[in-house]
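A.B. asks: Sharing a structure below in structure tokens format, with a few things to ask.
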Amino acid sequence: MARHRSASRRAGTGAPAKGGKGAKGAKSTAARPAPGSHRYTPPTPKTRTRSPLWVPVAMFTLLGCGLVVIITNYLGLLPGGDAQNSTLILGLALLVGGFVLSTRYR
């Protein structure tokens, strides 16, 4: 009787189950994501809001002023003569403010 049980177990392992892998190494295409869709992309909202006019104006003003402050600091044209760290930090702060506003621009 024990011989009959082991033979029936071995007989059931020969053929693949329905919906499983057919040939050795073949994969089902249903489990694979579509090419190029490795990340979730949320749908775009139907009402896209535009930025107020002050956002791009302030953004470009801060970027331009920061650039002017840094250049004039290194050229020594600002009051105080030689290049100063405080003026450089002011120019960099203006640039950072412009970059922060650029993330708000739509």
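A.B. asks: Any chance you could count how many residues in the range 49-106 are assigned to a helix (DSSP H, G or I), exposed (fewer than 15 other Cβ atoms within 10 Å of the Cβ) and of a type in the set (S, T, N, Q)?
C.D. replies: Residues meeting the conditions: 5.
A.B. asks: Kindly indicate whether any position in the range 73-93 is in contact with a Lys or Arg (Cβ under 8 Å, 6 or more places away or on another chain) and modelled with pLDDT under 85.
C.D. replies: First, the residues of the range 73-93 that are in contact with a Lys or Arg (Cβ under 8 Å, 6 or more places away or on another chain): none.
No, because not a single residue in the range 73-93 is in contact with a Lys or Arg (Cβ under 8 Å, 6 or more places away or on another chain) and modelled with pLDDT under 85.
A.B. asks: On the given criteria, is Ser37 more than 25 Å from Phe99 (Cβ to Cβ), out of contact with any strand residue (DSSP E or B) (no Cβ under 8 Å at 6 or more places or on another chain), modelled with pLDDT of 65 or more and of a type outside the set (Val, Ile, Thr)?
C.D. replies: Working: more than 25 Å from Phe99 (Cβ to Cβ): yes; out of contact with any strand residue (DSSP E or B) (no Cβ under 8 Å at 6 or more places or on another chain): yes; modelled with pLDDT of 65 or more: yes; of a type outside the set (Val, Ile, Thr): yes.
Criteria met by Ser37.
The values are calculated or read from the model by the stated rules, or taken from the named source; none is laboratory data. Since the structure is predicted, the reported quantities are computational estimates derived from the model, not experimental observations. A quick note on method: Cβ atoms are made from the backbone with ideal geometry, for glycine too, and the neighbour counts reach across all protein chains shown.
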